Amino acid sequence: MYSKRVMDHFANPRNVGKIENADGMGSVGNPADGDVVTIYVKIENNIIKDIKFKVKGCPAAIATGSMTTELAKGKTIEEGLNITQEDVARELGGLPTKKNECSNLGADALHAAIKDYLNKQR
């Protein structure tokens, strides 16, 4: 059902945790009955210098949160905003169709965290 990369990121998630005093935080999902992914970012000179995530959800949600952080770390804000759910799924070797819709929330949480950061800069 899941690719080897999904299982690797599920069993050994990267960048798990919370950044205290994060520059931006984004949380997406449905806490009542589904997966929730929260991403925290530290940004310096337009670069995502540090990124962490927390998740409540299935193996696919954990894997997509982990992969999203790996794809975004070290990228510019603009590059981070261009990371899509499709990019994350592709890097994981694909997700089952039903999981692609409900568990691939990492890119959306990343975008929300970056937008939170940008709003604080105004």
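Taking the range 70-87 as the search range and keeping residues that are of a type in the set (A, V, I, L, M) and touching a Leu at 6+ places or on another chain (Cβ under 7 Å), which one is surrounded by the fewest Cβ atoms within 10 Å (Cβ to Cβ)?
Ranking the qualifying residues of the range 70-87, first place goes to Ile83.
Screening Ala72 with (1) closer than 13 Å to Leu110 by Cβ; (2) more than 13 Å from the chain's Cα centre (by Cα) gives one miss only, at (2).
The set of residues in the range 20-31 being part of a loop (DSSP other than H, G, I, E, B) and surrounded by 14 or more Cβ atoms within 10 Å (Cβ to Cβ) consists of Ala22, Asp23. Suppose the filter is crowded, with 16+ Cβ neighbours inside 10 Å, polar (S, T, N, Q) and more than 10 Å from the chain's Cα centre (by Cα); does Ser103 pass it? So Ser103 fits the description; yes.
For (1) over 14 Å from Asn104 (Cα atoms); (2) assigned to a loop (DSSP other than H, G, I, E, B); (3) at pLDDT below 95; (4) not hydrophobic (A, V, I, L, M, F, W, C), each residue gets a yes or a no:
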{"position": "Met1", "(1), (2), (3), (4)": "yes, yes, yes, no"}
{"position": "Asp8", "(1), (2), (3), (4)": "yes, no, no, yes"}
{"position": "Arg14", "(1), (2), (3), (4)": "yes, yes, no, yes"}
{"position": "Lys18", "(1), (2), (3), (4)": "yes, yes, no, yes"}
{"position": "Asp33", "(1), (2), (3), (4)": "yes, yes, yes, yes"}
{"position": "Thr38", "(1), (2), (3), (4)": "no, no, no, yes"}
{"position": "Ile43", "(1), (2), (3), (4)": "yes, no, no, no"}
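Restricting attention to the range 62-90, the residues being farther than 23 Å from Tyr117 by Cβ and not basic (Lys, Arg) number 4.
The values are calculated or read from the model by the stated rules, or taken from the named source; none is laboratory data. Keep in mind that what you see is a predicted model, and the values were worked out from it rather than measured. In this analysis, Cβ positions are derived from the backbone assuming ideal geometry, glycine residues included, and neighbour counts consider all displayed protein chains.
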